[in-house]
1. Sort out which residues of the stretch 99-108 are in contact (Cβ under 8 Å) with a residue 40 or more places away in the chain and open to solvent by 40 Å² or more (accessible area, probe 1.4 Å), and write them in order of number.
2. So Val130 ticks every box in (1) free of Cβ contacts under 8 Å to residues at least 40 places away in the same chain; (2) within 18 Å of His56 (Cα to Cα); (3) of a type in the set (A, V, I, L, M, F, W, C) but one. Which box is left unticked?
3. What tally of residues in the stretch 115-142 results from selecting those that are in a helix (DSSP H, G or I), at pLDDT 85 or above, touching a strand residue (DSSP E or B) at 6+ places or on another chain (Cβ under 8 Å) and surrounded by 13 or more Cβ atoms within 10 Å (Cβ to Cβ)?
Amino acid sequence: MTTHALTPKRWNPHPFLVLPILLLAILASWMMIENKHAYSRHGDDAEQAYNCFRQHGPFAIWRALNDKKEMAYHFLCQDLMSAFFDVVMRDDGRPLSAYRLNANSIQEARNYLFRKFGGTHVSWERIPEVLLEAIKPHLPAGFLGG
């Protein structure tokens, strides 16, 4: 008579079950809009930029290659005190930076981005779906009409 049939089995998860869960956890950590670079480099300006993004939403989107030749999207925001901010994200939805622009008008903000990064203004319809999904939870309620 064998007794191994009544011995409890050790749970041995299948790699195809564990791998997607692990990937989702990594992806979720990337999707946080804030990042360490913004705070370490720009301090309070980064916090103000993220608050502006959440409270008012961007008024323009600028697409340009960053220093590493990766596509980056600059979300321009203006707060109630007429300060201009730039929240920068990669095209895969990961954050790059956030800072205050030294600009006194929308045109000055756009001119700065063009001089510094080149690139062009883009509409909401032209940004990658993964980026749009990453920022939707951080936009003001009803900002995109939904």
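The values are calculated or read from the model by the stated rules, or taken from the named source; none is laboratory data. What you are looking at is a predicted structure, and each value in this text was computed from that prediction instead of being measured. When we count neighbours, we look across all protein chains shown, and the Cβ atoms used for this are built from the backbone with ideal geometry, even at glycine. Side chains are part of the model used for accessible areas, which takes the heavy atoms of the whole protein and leaves out ligands, DNA and RNA. Shrake-Rupley method; radii C 1.70, N 1.55, O 1.52, S 1.80 Å.
1. Once the filter is applied, which keeps residues that are in contact (Cβ under 8 Å) with a residue 40 or more places away in the chain and open to solvent by 40 Å² or more (accessible area, probe 1.4 Å), the stretch 99-108 yields Arg100, Ile106.
2. Single failed check for Val130: (2).
3. The total comes to 3.
Let's see how each residue does on (1) over 19 Å from Asn66 (Cβ atoms); (2) touching a Gly at 6+ places or on another chain (Cβ under 7 Å):
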residue: Met81; (1), (2): yes, no
residue: Val87; (1), (2): no, no
residue: Asp91; (1), (2): no, no
residue: Leu96; (1), (2): no, no
residue: Ile106; (1), (2): yes, no
residue: Arg110; (1), (2): no, no
residue: Phe114; (1), (2): no, no
residue: Gly118; (1), (2): no, no
residue: Leu139; (1), (2): yes, yes
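A quick yes/no check of all residues on (1) open to solvent by 60 Å² or more (accessible area, probe 1.4 Å); (2) in a helix (DSSP H, G or I); (3) of a type outside the set (S, T, N, Q):
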site	(1), (2), (3)
Arg63	no, no, yes
Asp67	yes, no, yes
Leu80	yes, no, yes
Val87	no, no, yes
Gly93	no, no, yes
Ser97	no, no, no
Arg110	yes, yes, yes
Leu113	no, yes, yes
